[in-house]
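A short worksheet on the structure shown next.
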Amino acid sequence: MTTITKRIIVGAVSFIVIFILAMTWFYPYSIFSLHKTYNYQPDPVMVDGYLKDVKEFKETFAKDLEEMESERPVDLTVERTQYVLPLFEQDWLISKDKLKMGKEDLDYMLSEVKSIRDTLLSMVEQGDYSKEQRGYLVLSIESLLSLEESIVDFQSSSFGSRKTLRIQFHNLHVAFMNNFMMFTTFYEVSQNEERAS
């Protein structure tokens, strides 16, 4: 092998390595990326506000759950809420630390959102809700459908730059928070009417 041939091979290999490293850095989810992960740093102020809302809701819910366990018939809203709540307590939503987010994390998010959407749909079918309660429940389901679409769009954008991924994760974070607010609004309306009756 001549010196020129060696130089050409070394140059080509070097170019490929540099290209892959650059793609991994600038486009973490691209097909050329080695790790397909992105370090997401949430806004700590936003997380603080969200944690406060989650904590307040959980305190109210814990009391309702305790009361429900001694009642008959079972309150469908309270009973199903214990399965809905973990969707909004995922580590990446409640942590202020930088977290590695991979494609599999998006897959998990999507499957969880679909599962909760099915839970809420079953509540529409089985629950004896007033028109107002049903309206809020339907809005919560529609909000989850919108969240599903956002996650699917995110999954299909494999050539998003680091800046784009930061914006997309932030938007997803906000969408989860909005969905939490939609669900808790339905829950509060449902429980207020229950207490008034």
Measure off 7 Å from each Cα along the Cα-to-Cβ vector at VAL17 and SER156, then give the distance between these two points in nanometres to one decimal.
-> 3.8 nm
Which of SER130, SER70, HIS173, positive extreme of dipole for the stretch 37-195 (C-beta unit charges) = HIS173
Report the FRET efficiency, 1/(1 + (r/R0)^6), for GLU67 and MET181, where r is their Cβ-Cβ distance and R0 is 30 Å, rounded to 0.05.
-> 0.80
Label point distance in nm, ASP48-ASP107, each placed 7 Å from Cα along Cα→Cβ | 3.7 nm
For the pair ILE167 and THR3, the simple spin-label estimate (label points 7 Å beyond Cα toward Cβ) gives in nm 5.1 nm
Between LEU76 and GLU56, Cβ-based FRET efficiency (R0 22 Å, step 0.05) works out to 0.45
Once amide H atoms are placed 1.01 Å from N in the peptide plane, what residues at a sequence separation of 5 or more from TYR38, or on another chain, have their amide H within under 5 Å of its amide H?
-> MET101, GLY102
Normalise the Debye intensity by I(0) for the chain, one equal point scatterer per Cα, no solvent, then take log10 at q = 0.07, 0.09, 0.12 Å⁻¹ and round to two decimals.
-> -0.31, -0.45, -0.68
Lysines with Cα under 28 Å of LYS100, excluding same-chain neighbours fewer than 8 positions away | LYS36, LYS52, LYS55, LYS58, LYS114, LYS163
Additional length obtainable on full extension of the chain from SER95 to THR119, 0.36 nm per residue less Cα span | 6.1 nm
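Readers should treat all values here as calculations from the given coordinates under stated rules, not as data from a laboratory. It should be emphasised that the depicted structure is a prediction, and the values quoted were computed from it without experimental measurement. In this analysis, Cβ positions are derived from the backbone assuming ideal geometry, glycine residues included, and neighbour counts consider all displayed protein chains.
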